[in-house]
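The next block holds one structure in the form of C-alpha cells; read it before the comments.
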Amino acid sequence: MKKTVFLIVLTLLLAVEAAGQKNQQGKKRELAEAEKAVYKDLDAKYRNWIDMVTFITYAEERKVFLKLTNDRDRDAFINIFWQQRDPTPGTPENEFKSEIEKRFIYINEYFKRGSARPGWMTDMGQIYMILGKPNSIERFDDKQGLYPVQVWYYHGDTSLRLPTYFSVSFFKRFGAGEWKLYNPALDGPTSLLVDGSSLNTDDHEAIYKKIYEMAPALAGPAISMIPNEIPSNYQPSIRNNFIMANIYESPTKRLNVSYATNFLKYKGYVNIESSANFIENSNLVSVTREERYGFDFVNVSVRPKKISLGYNEDKDRYFFNLNLNVSLRKGEKIIYQYAKNFEFYFEPDKVQGLEGGGVVVHDSFPVIPGDYQMVVFIENTVGKEFSYFDLAIHVPQPGQQPYLAKPIIGYKEEMESSSFFHAYKFLNKKLSLDTEKTFGLSDVPHLLVGVYDLTREVWEKGTVEIELRGLNERYKFSRIVKLALSEQPFARNMNLILPLDKKDMHADYYELTMRLRSPTGAQLDSKNTDFVISPIQKIAHPIETYKQVMVDNPYLFNYILGQQFEGIDNLEKAELHLAKSVQDNPDFAEGYVAQLTLANKLQRYSQVLAAVEHLNRFSKFAFDYHLIKGTALFGLDRYDAALDELLKANKIYNSDIRVLNLVGFAFFKLNDLEEALKAFEASLVLNGKQPPVQKTIAEIKDRLQKKQSGEKGKGD
C-alpha cells in the first residue's frame, strides 16, 4: 500500500523612537541580565542557536526555550520553531532555515572585522540577519569631510508594513571603530559630517546641501530611508522611526507565538521527528448530564485550522489520521488521561468539501464533580502537524439546586436511533455543531438546552427564558422566548434541542442568554453564548468524526470514573466504580488490573490473592498479573514467593520502576544485599529522584562496607 502526503494545507512618538535600535539592544540586555546564567550552562550548540535566532524571534520564544530542562525538549522546540517559519511545508527543505544559517555564517565571518564583538551582535549583523543580503550597496568610505558611510538598499514587503524600496545606512561615528546603524531621525545628518558642529542644526536645508556637495548620492539617505523622498524643510521625518520599528518586527509579523507560549504545557506529547508543525484550532468544550446514567460528561470538540491528507493509491481514497490526547488535571496532578485515534477515509470527490469546511473531532467522557484544568492535544500523523489548547472546567456537585448547562448552538438536528452513545447525542437525537459558531443564511441554528437537578416544583411551574440580541446598532434585534418546562415529560436531567426562529434576524453577531426561572419568576441560573450569522447563503461546515460506545452497558464509564476518584484520592468511591466496571463486564481485563492495583494500595493483600487468578485468564496481561500478585505477596511478608512473581514480571518487561523497586526490597528483606543493590541502581537509571530508594542504597552500601571490613579483620 502506497501512501503519499498532500498538504491541503504610537501609541506615543517616544515609544516609536524607542522601538528602533533600542529594541534590539533591549533584547541583548534581557538575555545578558535575566537569562545569562541559564544561557551559560547550555551546551554550545544551543547557545549558538540562540545567538543565531536572537533577532528573528519573539522574546517569548527565547524565554520559553531557556526554561527547558533537557535536550529532548530543546530539540523538539527548535524543530517546531523552524517548522513555524517554513515557507513550503511538506517539502524536504526548509528554505527559511537554510537561509538563516547561511546568513549567520556570513555575518560572523565578515562583520566581526573591526569589532570587539561577534559578527551577529554588530549592527550590520543584526540588519543582515533580519533583511538578508542587500539588493545593492553604496559606499562612501573616502569622501573628504564625511565619516565613512555605507547605504544598503532593499526591496520591501508591503504586507509587513515596509516600503516597496528603502535604504538602511551605517556609519563610523567619529571616523573609527565599528559600523553603527544610522537613523536619520535619531542621529541626524550632522553626525555624518566631520565638521558638523560648525553648522546651525536648525538649518536642515543647509545641512542637506552640504552633504550633497560632498556626495550627492548620500544626501537623500541622510534625511530619509525612502529613496528620492525630500521631507518638508529637509528635516528628517519621524517616519524613519516607524520604518525601523517595522524592520525589527518583520521576522515575526506573520507568526502566531502561541506555539511557544504553550510549549511548556504540550512538550510532553510532541514526537520530535513526526510532530513539528504547530497549527491553530477552534474548539468547544461543554459539560452535559445524561439522565440514564446520572453523571456528567465532558464534551470536547476540536477543529484544526488546517488538515493534511494522505492518499491510498490501492483504494483510490484520501485519508487523515488524528490522535487525540486529553488529560484532566487538578493542580499539578493528572487525575485522568486518555488517547484515541480517529482515522477517516473518503472518496476523491469529497476532497473539495473537506478543503472548504475542514474536520471537527468530537469526543466525550464521564467526569466526577470538581474544578479542573483540561489539556487537549491533537496530532495528525499525515503532514506531521499538531494543535493544542487548555482551559478550566467546572463540574457541579449534583443535587444542590436546578441549574443550566452551557448553551450549545449547532447547525443541524438529526434523528439517530442507534444503540450507541457519542458526544451531543441525546436519546435518539443528534446535534451537529461547528466550533466556529458561524451560520449561513440558509442554516437553521439549533440550541441545546440542558436543565439539570430539576425538582418537581420547578418542572411544573418553572420556565427557561431564551433571550437573543443582535449587536448591530443599525439593525437592532432583540427577542425573548419562554419555554415552559412542563411541556416536556419530567426528568431530573433534561436535554432539549430546539430550532431558533430566524425571523427578522439579519447577518450579524448575536448574544444568546438562557435564564432558568423558578415558579415565582426568580432567576435560579443564567448562562450565555454567542454566534454569527454570515451574509453568505451557505456555509461549508466541517466533517464530523467521533467514537461511539454501547449505551446499555456502561462498564467503561465506571472504569473511567474509578480512575478519576483514585486520582483525587477518594479511594472508597474509586473502589466502588471499579468493582462495578468488572461486574458489568467480566471480560474487561483493564478493569481487573485497576481494581486489584487499588486493592493492593489499600493493603487488602489477601483479597487480591483470592481474586488475581481472574486476571491470569488474559495472556496479554501476564506482566500485570505477576506484578499485582507479587505486590500482594510482598505485603504479606512472603518475600520468596513475591520475588518469584516479580522476577517473572521483570522478565516480560525489565524497565518498570515498580517491579525493580519491589525486587530490590524483596532481596533486601532476604538479606541478599548485592542483588538488592543491582535492582535499586537499575531503578535509579530510570528515575534518579527517589529518596526512599537512595536512602536504602546508602544503607546497603554501609552494611556491605562493614561486612567487608569485618571479613578483612578476620583475615588479618
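Coordinate-derived values only; no laboratory data. Keep in mind that this is a model prediction, so the values were computed, not measured. All Cβ positions, even for glycine, are placed from backbone atoms using ideal geometry, and neighbour counts span all protein chains on display.
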Which lysines have a Cα less than 26 Å from the Cα of residue 143, not counting those fewer than 8 places away in the same chain?
112, 133, 172, 180, 209, 210
Compute the Rg to Rh ratio over region 212-309 from the alpha carbon atoms, using the Kirkwood formula for Rh, and round to two decimal places.
1.37
To make sure I understand, if each residue's beta carbon is the centre and we count other beta carbons within 10 Å, what order do 565, 621 fall in, fewest to most?
621, 565
In percent, how large is the relative contact order of region 48-149, given Cα pairs closer than 8 Å and 6 or more residues apart?
18 percent
Between residue 602 and residues 5 or more places away or on another chain, which pairs have amide H atoms under 5 Å apart, with H built 1.01 Å from N, and which residues are they?
none
Which value, in debye to the nearest 20, gives the size of the charge dipole of region 279-550 about its Cα centre, when Lys and Arg are +1 and Asp and Glu are -1 at the Cβ?
540 debye
Give the average over all directions of the projected area of the C-alpha convex hull of region 507-612, one decimal, in nm².
12.6 nm²
Under the 0.36 nm per residue contour assumption, what length would be gained going from the current alpha-carbon distance of residue 229 and residue 390 to full extension?
52.9 nm
Tell me which residues come under 5 Å, amide H to amide H, from residue 343 once H is placed; ignore anything under 5 positions away on its chain.
322
Neighbour-count order for 155, 204, fewest beta carbons within 10 angstrom listed first
155, 204
Proximal charge balance of residue 357 [Cβ under 15 Å; K/R count +1, D/E count -1]:
+1
Filtered hits (aspartates and glutamates, Cα-Cα < 16 Å from residue 461, offset >= 8 within chain) -> 453, 487, 525
Among 267, 45, which comes first, second and so on when ranked by fewest other beta-carbon atoms within 10 Å?
45, 267
Could you tell me which of 519, 421, 466 has its Cα farthest along the dipole of region 279-550 towards the positive end, charges placed at Cβ (Lys, Arg +1; Asp, Glu -1), taken about the Cα centre?
519
Along the charge dipole of region 555-715, which of 594, 646, 692 sits closest to the positive end, that is, farthest toward it, with unit charges on the beta carbon of Lys, Arg, Asp and Glu (+1, +1, -1, -1)?
692
Quick one: pull the percentage of alpha-carbon pairs in region 64-148 with a separation above 15 Å.
71 percent
Residues whose modelled amide H sits under 5 Å from the amide H of residue 411, counting only those 5 or more places away in sequence or on another chain, are 432, 433, 434, 446
Lys, Arg +1 and Asp, Glu -1 on Cβ, resulting dipole of region 555-715 about Cα centre, debye, nearest 20:
580 debye
Considering only the other residues whose Cβ falls under 10 Å of the Cβ of residue 441, what net charge follows from Lys and Arg at +1 and Asp and Glu at -1?
+1
Restricting to Cα pairs under 8 Å and 6 or more apart, the percent relative contact order of region 532-645 works out to 16 percent
One-quarter of the Cα convex hull surface for region 560-716, in nm²?
10.5 nm²
What net charge do the residues around residue 114 carry, taking every other residue with its C-beta under 9 Å from that of residue 114, with Lys and Arg at +1 and Asp and Glu at -1?
+2
Where the centroid of each part is defined by its Cα atoms, how far is region 203-224 from region 341-417 in Å?
64 Å
Would you work out the charge dipole size for the chain about its Cα centre, treating the Cβ of every Lys and Arg as +1 and the Cβ of every Asp and Glu as -1, and quote it to the nearest 20 debye?
840 debye
Putting +1 on Lys and Arg Cβ atoms and -1 on Asp and Glu Cβ atoms, find which of 475, 277, 55 reaches farthest to the positive end of the dipole of the chain.
55
So if I restrict to the alpha-carbon atoms in region 279-550, what is the Rg, and what is Dmax, the biggest pairwise distance, in Å?
19.6, 67
Each residue of region 304-314 in turn: what ³J(HN,Hα) in whole Hz from Karplus with 6.51, -1.76, 1.60 and θ = phi - 60°, glycine and Pro shown as x?
x, 6, 9, 9, 9, 10, x, 10, 9, 5, 4
Please report the antiparallel percentage of the DSSP beta bridges confined to the chain, to the nearest 5.
95 percent
Per residue convex hull volume, Cα only, the chain, in Å³ is 254 Å³
Do any of 315/502; 629/695; 63/425 go past 32 Å between their Cα atoms, and which?
315/502; 63/425
At 222 nm, what helix-only mean residue ellipticity would the chain give, in deg cm²/dmol to the nearest 500, using -39500 (n - 2.57) for each DSSP H run of four or more?
-11000 deg cm²/dmol
Cα-based reach from residue 527 at 12 Å (exclusive), listing aspartates and glutamates while leaving out same-chain residues under 8 positions away:
465, 467, 511
Which percent of the Cα-Cα distances in region 198-266 go past 19 Å?
52 percent
Going down the table (67/330; 253/384; 40/305; 305/406; 253/333; 67/384), which pairs top 29 Å between alpha carbons?
40/305; 253/333
Scalar couplings 3J(HN,Hα) for region 281-295 by Karplus 6.51 cos²θ - 1.76 cosθ + 1.60 (θ = phi - 60°), nearest whole Hz, x for Gly and Pro, are 8, 10, 8, 8, 10, 9, 10, 10, 10, 9, 4, 5, 9, x, 10
